[in-house]
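Just so you know, all these numbers are worked out from the coordinates, no wet-lab data involved. What you see is a predicted model, and the numbers here were worked out from it, not measured in a lab. Positions of Cβ are backbone-derived with ideal geometry, glycine not excepted, and every protein chain shown enters the neighbour counts.
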Amino acid sequence: MRMTFRWFGEGNDPISLSHIKQIPGTEGLVWALHDMPAGEEWPLERIQEVKRQADAAGFHIDVVESVNVHEDIKLGLPSRDRYIENYKKTIVSLASVGVKVICYNFMPVFDWLRTNLAAPLEDGSTALFFEKAKVASMTPHELVAEFQSNTDFQLPGWEPERLALLSETLKAYEHVDAEQLWDNLKYFLEQIVPVAAEHGIQMAIHPDDPPYPLFGLPRIINTQESLRRLIKLVDHPSNGITLCSGSLGANPQNDIVSMIHEFADRIPFAHIRNVRVYENGDFIETSHRSEDGTVNIAGIVKAYYDIGFTGYARPDHGRHIWGEQCRPGYGLYDRALGIMHLLGLWDAYRYAENGKL
């Protein structure tokens, strides 16, 4: 397991590379050009600049998260071919600096969704929270307005220029059901995967977060069966999965350990985090310890160890602790604690297997 840390870039992240460097066992940055609109080709010189910054700090940039998929591709509009061509060119440029994995998602309109960016936990920390009934009682416009008013940071997946077109985009999806979305994903992958394979890159789709439809919009990557179907769309090693335990774990029916074993050769990238799911469907993000949430983090790390996982992992979202002023879910302190917990579990399994415990 190769440990990484998501970094939002120089001038866009209050966390410095020198601080990330002090987290033991962390070898790489998970990055993106977050100001690039979905569908646009990423400039090679800007990609190379991130590479120079990472090299100077002693990190690799093997994993990109995300090269966002333009909404016209998800909608299956005639204009999608132009955006797919830009995506292919970006893949080639990323491969030229050594990128090995591209994490992306195929969620219509909304990326990840929460109703409170700083809900209190019992220990005095705060965390991202999802209130199911609140989402059911609000319009998409009301939720977006509330969401954007509660943070000083621009959040990935919630870019203002994209949400400014919310009404038009929602209308465009009125005639797109789950099967149509599957067809559009297949079309995208049939063109993208051969280019990725040629250049030594694995595409790794991120599951829906939360893992069920919202506002009547189809969401299709959220169960073990849907991941099975995804693999069959284009059956090639470069068509892979970002297995996110927090996203999938928001549905307690998902058996993440089973998914790790079934899709072992298709998981180049793992998000490992915990959530506490309540009986009414609400959930809050917690520390990475299994005892603090609903997700069996210890069992998940053991499953990765058992399959001989050599891919990339990151601790994903963290709580906001010790008064840190940070991007919601992406502070330094709790994600560093998460890395230590995950690597501690990994070391324990390794030492036990080698008879050193």
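Couple of notes before you dig in:
- Using alpha carbons only, the radius of gyration of the chain set against its Kirkwood radius gives Rg/Rh = 0.93.
- Qualifying trypsin sites (Lys or Arg not before Pro) in region 253-357, where qualification requires a DSSP coil assignment and no more than 11 other C-beta atoms within 10 Å, comprise Lys356.
- Counted over the chain, the DSSP beta bridges are approximately 30% antiparallel.
- By the rule of a C-alpha distance below 28 Å, with chain neighbours fewer than 8 residues away ignored, the lysines paired with Lys74 are Lys88, Lys89, Lys100, Lys132, Lys134, Lys171, Lys186, Lys232.
- Charge dipole magnitude, Cβ of K and R +1, D and E -1 - the chain, Cα centre, debye nearest 20: 700
- Annotation: lysines with alpha-carbon distance below 24 angstrom to Lys302 (same-chain offsets under eight excluded): Lys356.
- In region 249-306, the GluC sites (Glu not before Pro) that fall in loop regions by DSSP, at most 15 other Cβ within 10 Å: Glu279
- Dividing the mean sequence gap of close Cα pairs (under 8 Å, 6+ apart) by how many residues the chain holds gives a relative contact order of 17 percent.
- Taking each residue as 0.36 nm, the span from Ala133 to Glu262 lengthens on full extension beyond its C-alpha to C-alpha distance by 43.1 nm.
- Positive-end ranking of Thr126, His320, Thr310 along the dipole of the chain, with charges on Cβ about the Cα centre, is headed by Thr310.
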